[in-house]
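Remarks on the structure that follows.
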Amino acid sequence: MTVLKCQVSGRTLSLTKKIASSGEGTVWKTSCRGFLAKLYHERKSERFQKLRVMIAHPPEDPTRGQNHISLAWPKDLLENQKGQPMGFLMPEIDESVKLSTMYNPRLRSRKAPRFNWYYLHTAALNIASSMNAVHTEGYVVGDVKPQNILVNNQALISIIDTDSFQVQDPHTREVFRCWVGSEGFTPAELLGKDLATIDQTEIHDRFRLGVIIFLLLFGDQPFKGKWIGQGESPQPTTLIEKGFWPYAPQSLIRPGPNTIPLSILHPQLQSCFHQCFTQGHGQPHLRPSAQQWMTALKKAIESLKTCHLESNHHYSQSYGHCYWCDRKSRLGVDIFSPAPVISKPAVRPTHSKKVNPWTAKPGIASPTLAAAYAQRMQQLQSMKIPNAGVTRSILQMPFAQRSSWPPSISNSVLGLVLCGFSFLGLGLLLAPELNPQTFTYWSQSLERAVDQWLASKLGIALQGAPSNQTLPGQANSASALGDPSIPQRGHLDTVTTLAISPDGQILVSGSRDFTLKIWNLRTGKLLNTLSEHYEPIVSGHFVDGGRSLVSSSVSGKVLQWDLPSAKLIRSFVNYTAIRPEGGIRTTVIDPETHVMASSAWGGSIFLYNLKTDKVTRIPSQLMASEQAMVMSPDANTLVTSNSDGQIQQWNVNTGKLLKRLPNSQGWQSSELTSALVLSGRGKTLITGSWGGKIGLWNFQTGKLLKTFKAHEKMVSSLVVSVDNQVLISGGDDQTIKIWDLNTGQLLQTLTDHRGSISALAISPNNKWLVSGSSDRSIKIWNLQTGKLLRTLLSSEIGKS
């Protein structure tokens with residue numbers, strides 16, 4: 001048994017078992033618990049001098065307080081009995097696997113099926129944090145590759161082979177270079193160079209970090225896609241050299257049909273990737289630093305939402321719906337399937353009790369049932385996993401804890417119930433085509449009956465449905481339109497849009513619960529519910545002087561309603577144009593010209609003329625989702641923001657780009673535009689950012705006039721008063737702030753919401769402010785005094 005001495009501490013240890021061997025050396029278990037020994041074949045003095053510098057100047061381990069080792073840093077030099085240096089002592093990393101096990105969907109489904117998108121984001125954040133610690137001490141990682149990064153079942157990572165880092169002696173300034181690099185992780189400016197002769201910088205590591213994060217989130221290399229150039233597709237190294245990745249403007253590769261789109265990411269992450277691989281190709285210093293990646297990933301993690309239908313699916317709230325469910329229905333493949341392919345995973349999910357692979361879920365027969373089921377899932381997901389940062393639902397509970405779910409019923413009864421729901425769903429889809437008016441009455445009654453049954457089974461209290469419902473054509477005898485004590489049935493998910501009629505009498509709200517609701521603004525009375533979209537609502541707009549309503553939903557479906565009768569007039573659906581773009585994120589409309597603009601998740605802008613059915617597509621230059629848009633009062637100019645941080649002005653009639661407002665004077669990548677509004681006269685453009693800032697611009701010249709901090713989190717909504725004197729902003733910090741538009745002075749702060757502010761509207765008489773939130777409530781305020789006048793709540797929370 002070989003005995004070695006630690007040169008710094010002076011203690012001795014024995015080599016017990018060889019566990020790895022390479023051309024550089026061998027790795028051994030030692031008698032010193034928790035430590036390994038690496039012995040070199042070729043023992044050069046420069047190598048040990050480099051190790052002495054590393055031992056004397058270790059970086060701060062970012063997860064030291066969590067009893068975890070993120071950096072397998074050299075701890076001591078090892079020498080033989082003759083005093084000759086042999087190698088070094090380093091910490092042993094237990095219960096971890098190579099990073100490729102987690103980012104490769106096939107390996108992940110076999111080894112760790114519950115390591116979902118939330119965990120992948122968290123692992124990416126931990127890698128960025130570790131590299132930031134390394135860079136802070138002046139080190140360069142150099143040979144970044146998945147084999148050198150380990151990850152455990154809590155998404156904590158460990159970087160190994162740290163002795164290959166580039167090291168600079170802080171006293172003599174001597175540089176000990178990193179001699180090796182890995183294909184696919186070497187930036188363009190170093191390709192073909194002899195790394196043994198180059199002093200690298202952390203800017204080179206920025207490229208490598210971007211590739212690693214892309215691998216984690218997308219499961220594949222960024223420089224890969226469908227080749228649209230001549231001949232065979234070049235090798236990855238050539239694509240990196242040319243800067244060809246699928247989302248670069250002049251790239252000769254494009255996303256393939258099954259490629260996971262960049263637009264599903266949080267916008268700040270999209271921007272980081274563009275900075276890293278597009279702008280950073282020609283100007284490497286523009287690549288995001290590890291600290292910038294950390295900031296973007298933290299915001300992305302905060303915005304992740306658990307899918308209502310599959311608890312192992314997570315998606316960005318900025319995307320609006322579950323991409324993984326869409327992908328599963330389209331391709332028949334679920335890369336985050338919670339059921340393992342092999343019976344016993346090598347890495348257990350990150351909670352202490354073993355997960356039963358039972359994954360049955362109730363069938364969904366209608367939007368009402370979907371909303372109620374989503375409501376129950378939100379309650380279940382409020383239970384936290386011990387020592388982990390993700391929620392678990394009933395689908396993840398041990399079977400013993402699920403004894404009452406589902407109810408104990410026979411297979412034959414269950415089969416009859418499922419068949420009944422299938423025919424019910426078919427009937428709901430076909431009935432509107434047969435007799436829309438009668439269907440409205442019967443569907444509302446049927447929805448209420450389904451809700452009551454579901455409430456009895458799931459324990460959801462559904463209140464406030466009107467009991468005095470009448471058939472179409474009959475008079476309604478109810479006289480309590482103005483009685484605020486009568487509870488109204490509000491939305492069951494985030495309120496996404498608010499619109500007030502030109503006469504100030506009617507409020508329309510839309511939600512992710514698939515419904516539009518029509519309210520009497522003065523009394524708070526719910527007048528009608530429109531549920532023909534069958535998917536999350538994006539927008540609602542009054543046209544024809546308030547006689548009609550135009551609404552849109554996430555797939556690109558646009559419907560027009562007669563408001564007095566709540567009857568569907570027509571449908572504007574262009575699935576051929578919209579669906580390849582992944583649906584729409586936001587829309588604006590001019591009520592006079594009937595021109596609607598929509599931003600697609602794929603990045604393109606679509607201009608609809610609702611009178612002629614003409615659709616004009618403005619292709620994206622970045623292949624990433626637009627962030628916000630607003631139309632000028634004269635309906636001639638459309639203003640949009642994009643994930644490159646710039647703001648564009650477009651000619652609505654021709655679709656031509658008129659002007660770009662620069663991303664400058666403080667509006668950096670962390671300040672991407674999240675909300676846009678124009679003053680009533682169209683002279684001032686107001687922008688809200690992901691970082692909580694508000695900017696005021698001269699709309700004609702594009703000059704930034706003023707910028708100030710408005711919210712602690714993202715500015716999610718903006719609206720200007722009718723008299724152009726007041727600006728109202730809503731934020732993800734759950735506050736509404738009222739500002740003097742001329743001076744920028746804060747006048748009032750409204751704090752009654754319990755979720756992020758998702759929509760704002762002002763009545764035409766300039767008296768009332770209406771706000772919608774992710775807490776599912778709608779609040780009506782006195783704009784002059786800031787007094788809360790009325791709250792329209794979901795029936796689960798309470799009455800209005």
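Overview of results
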| item | result |
| --- | --- |
| Two-site label geometry, Gln291 and Ser632: point separation in nm, points 7 Å out along Cα→Cβ | 4.0 |
| Accessible area (Å², 1.4 Å probe, nearest 10) - Glu302 | 130 |
| Between the range 26-93 and the range 510-526, the Cα center-to-center distance that results, in Å | 65 |
| Rh by Kirkwood over Cα pairs, then Stokes-Einstein D for the range 152-237 at 0.890 mPa s and 25 °C, µm²/s | 158 |
| Estimated inter-spin distance, Asp544 and Lys193, nm [label 7 Å along Cα→Cβ] | 6.6 |
| Estimated FRET transfer efficiency (Gln505, Ile228; beta-carbon r; R0 56 Å; 0.05) | 0.55 |
| Residue-span extension gain [Asp94 to Cys325] - 0.36 nm each, minus C-alpha spacing | 79.7 nm |
| Per-pair calculated FRET efficiency, R0 = 30 Å: Asn724 and Leu658 via Cβ, rounded to 0.05 | 0.80 |
| Pairwise label distance in nanometres, Asp220 with Glu137, each label 7 Å out on the Cα-Cβ vector | 3.8 |
| Mean Cβ count within 10 Å, highest first, over the residues of peptides 111-118, 25-32, 7-14 | 111-118, 25-32, 7-14 |
| Modelled FRET efficiency - R0 30 Å, Glu42 with Thr259, Cβ distances, 0.05 increments | 0.10 |
| Percent carbon-and-sulfur accessible area, the range 143-189, ignoring ligands, DNA and RNA, probe 1.4 Å | 47 |
| Potential lengthening between Lys706 and Lys614 on full extension [0.36 nm per residue; Cα-Cα distance subtracted] | 29.2 nm |
| Stokes-Einstein translational diffusion, the range 1-134 - Kirkwood Rh over all Cα pairs, 1.306 mPa s, 10 °C, in µm²/s | 95 |
| Surface per residue (accessible, 1.4 Å probe) for the range 143-182, Å² | 41 |
| Full-extension gain in nm, Lys82 to Ser182, via 0.36 nm per residue minus C-alpha separation | 32.3 nm |
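The values are calculated or read from the model by the stated rules, or taken from the named source; none is laboratory data. As the structure is a prediction and not an experimental result, all values here were calculated from the model. Every residue, glycine among them, receives a Cβ derived from its backbone with ideal geometry; neighbour counts consider all protein chains shown. Quick note on the areas: whole protein, heavy atoms, side chains included, nothing else; ligands and nucleic acids left out. Shrake-Rupley method; radii C 1.70, N 1.55, O 1.52, S 1.80 Å.
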